[in-house]
1. Every residue in segment B:206-262 that is within 22 Å of residue B:155 (Cα to Cα) and in a helix (DSSP H, G or I), please.
2. Out of segment B:154-173, which residues are surrounded by 14 or more Cβ atoms within 10 Å (Cβ to Cβ) and not in a loop (DSSP other than H, G, I, E, B)?
3. Taking segment B:216-234 only, how many residues are within 12 Å of chain A (Cβ to nearest Cβ) and closer than 12 Å to residue B:118 by Cα?
4. Inside segment B:7-102, counting only helices (runs of 4 or more DSSP H) that do not spill past its ends, which hold 2 or more residues that are more than 30 Å from residue A:101 (Cβ to Cβ) and modelled with pLDDT of 80 or more?
5. Of all residues in segment A:28-62, count the ones that are free of Cβ contacts under 8 Å to residues at least 24 places away in the same chain and within 18 Å of the chain's Cα centre (by Cα).
6. Among the candidates A:121, A:154, A:147, which residue alone is at pLDDT 95 or above and at the interface with chain B (Cβ under 10 Å from one of its Cβ atoms)?
7. Against the condition within 13 Å of chain A (Cβ to nearest Cβ), modelled with pLDDT under 90, out of contact with any helix residue (DSSP H, G or I) (no Cβ under 6 Å at 6 or more places or on another chain) and at negative phi, how does residue B:117 come out, does it pass?
8. Just to confirm my filter: which helices (runs of 4 or more DSSP H) fall fully inside segment A:1-85 and include at least 3 residues that are within 9 Å of chain B (Cβ to nearest Cβ), crowded, with 19+ Cβ neighbours inside 10 Å and modelled with pLDDT of 80 or more?
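The values are calculated or read from the model by the stated rules, or taken from the named source; none is laboratory data. Keep in mind it's a predicted model, so treat the numbers as computed, not measured. Cβ atoms come from the backbone with ideal geometry, glycine included; neighbour counts cover every protein chain shown.
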C-alpha cells in the first residue's frame with residue numbers, strides 16, 4: 001500500500017489537470033479523478049510491477065474521461081457555460097508572452113478530443129510518445145499524426161487571430 | 001543534405017518535444033538552418049507548447065480537494081463495509097457487525113481489518129513470523145543450515161511441492177536455518193538469514209489460492225519492511241528491519257533464483 005501512496009499521490013494534481021481540460025468542467029473532472037483513484041487502489045496488484053505508474057493512471061483516467069464524454073454526448077447534456085469558457089482555465093493574458101494564453105486555450109478547446117488528448121499527454125504531462133500510445137491504446141504512428149495535426153490546427157488558429165482586429169478596413173485602399 | 005536520412009514530420013515533432021537523440025537533433029537543426037520557413041513553423045509550435053504549459057500550470061498548483069485525499073480513499077477501500085453503497089447484503093453485514101460490535105468489541109474490529117487473502121495476507125503472516133522468530137536468541141530456527149536438505153524435505157512434503165532455499169550470500173546474508181510454521185492459509189516454510197552483525201531477514205513461502213502470480217508488493221510497518229510476490233501459485237515474502245531501498249534489491253535476488261522452472 002505504501003509504495004502505491006508514494007507513486008500515486010504526487011500525480012493527483014496532474015490527473016486533475018488532464019481531466020479538467022478534457023471535460024471542461026472542474027467538478028466533473030474531480031469526480032472522474034476520484035473514480036480513477038478508486039480503481040487504481042483496487043487494481044494496484046493487477047498492474048505490472050515494471051510498468052510505469054504514471055502511464056497506467058493516465059490510461060485509466062483517459063478511458064473514464066472518454067466514457068463520460070460519450071455518455072454526455074448521448075444524453076445531449078450541455079457543458080455549463082462558465083466552465084466551458086477557456087478563460088476559466090487560462091490565466092489572464094500575459095503581456096510579455098508572444099502568444100496570448102487565452103487564444104491558445106481557445107484553440108486547444110476547439111481541437112477534436114483525440115488530438116487534444118495527445119497534445120496534452122505529450123506537451124503538458126510529458127509522457128513519451130510510446131507511453132502516450134499506451135495510455136490511449138493506439139499505435140505510435142497514430143500518436144504522431146494526431147500530434148502533428150493538433151499543432152497544425154493550433155498554428156492556423158493563432159495565425160488567424162493575429163490578423164488585425166479590423167481586417168475589413170485594411171482592404172480599403 | 002548529403003545522403004543522410006531525410007528529415008520527416010516525426011523528426012520535427014520529436015525536435016519540438018525534445019524527444020530525439022542528439023545526433024538526429026543536429027541533423028534537424030542543420031535542416032532548419034537552410035529551411036527558414038520550416039524553422040519558423042517549428043518556432044511557433046515551440047512557443048505554443050510553452051504557452052500551453054504556462055496556461056495550464058496553475059491547475060496543477062491548486063491544493064488537492066479533500067475528496068481526492070489518497071489516504072482516505074485507501075481507508076475506504078480497506079473497509080468497504082463502512083460504505084453502504086454496496087447494496088443490501090453489505091448493509092446487513094454492517095448492521096450485524098454493529099450489533100456484534102456492541103457485545104464483542106475490539107476483537108472483531110481487528111479481525112475485520114486484517115488482510116484476509118492474497119498477497120496482503122501473506123505479507124501479514126510473514127511479518128508475524130518475523131516478529132516471533134527473528135528476535136529469538138535461543139532457538140530462532142528449528143533446523144539449522146547444516147541440515148538444510150532435511151528442512152527442504154520437510155517443507156516440500158508439507159507444502160506438497162518442491163521448495164528450495166534462496167541464496168542471499170551475495171547480499172551479505174547467510175542462511176542460518178528454518179522451520180515449517182502455521183498460517184491461516186496452511187503450512188508455510190520460514191527461512192532465516194543473518195548478516196553476522198545481528199540483522200536478520202526471514203522469508204516465508206506458502207501456497208497461494210489467490211494472487212497466484214503477483215508482482216512485488218512492498219509494505220513498511222514500523223521498523224520492518226516486507227517485499228512479497230508470488231509465482232506459479234507459490235507466494236514469497238521477505239521481511240527485515242531494512243528500508244525499502246535496501247530490502248528491495250535483496251528480494252530481487254531471491255526472486256530471480258525462483259524465476260526458473262520450479
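1. Result: B:251, B:253, B:254, B:255, B:256, B:257.
2. Taking segment B:154-173 as the starting set, the residues that turn out to be surrounded by 14 or more Cβ atoms within 10 Å (Cβ to Cβ) are B:154-156, B:158-159, B:161, B:163-168, B:171, B:173.
Hits for segment B:154-173 are B:154, B:155, B:156, B:158, B:159, B:171.
3. Residues meeting the conditions: 4.
4. Working: elements: B:9-16, B:22-34, B:36-61, B:70-78.
Hits in segment B:7-102: B:22-34, B:70-78.
5. 5
6. On the way: A:121 fails: at the interface with chain B (Cβ under 10 Å from one of its Cβ atoms); A:154 fails: at pLDDT 95 or above.
Result of the check over A:121, A:154, A:147: A:147.
7. Numbers: within 13 Å of chain A (Cβ to nearest Cβ): yes; modelled with pLDDT under 90: yes; out of contact with any helix residue (DSSP H, G or I) (no Cβ under 6 Å at 6 or more places or on another chain): yes; at negative phi: yes.
So residue B:117 fits the description; yes.
8. On the way: elements: A:2-8, A:12-23, A:26-43, A:53-75, A:81-84.
Correct list: A:12-23, A:26-43.
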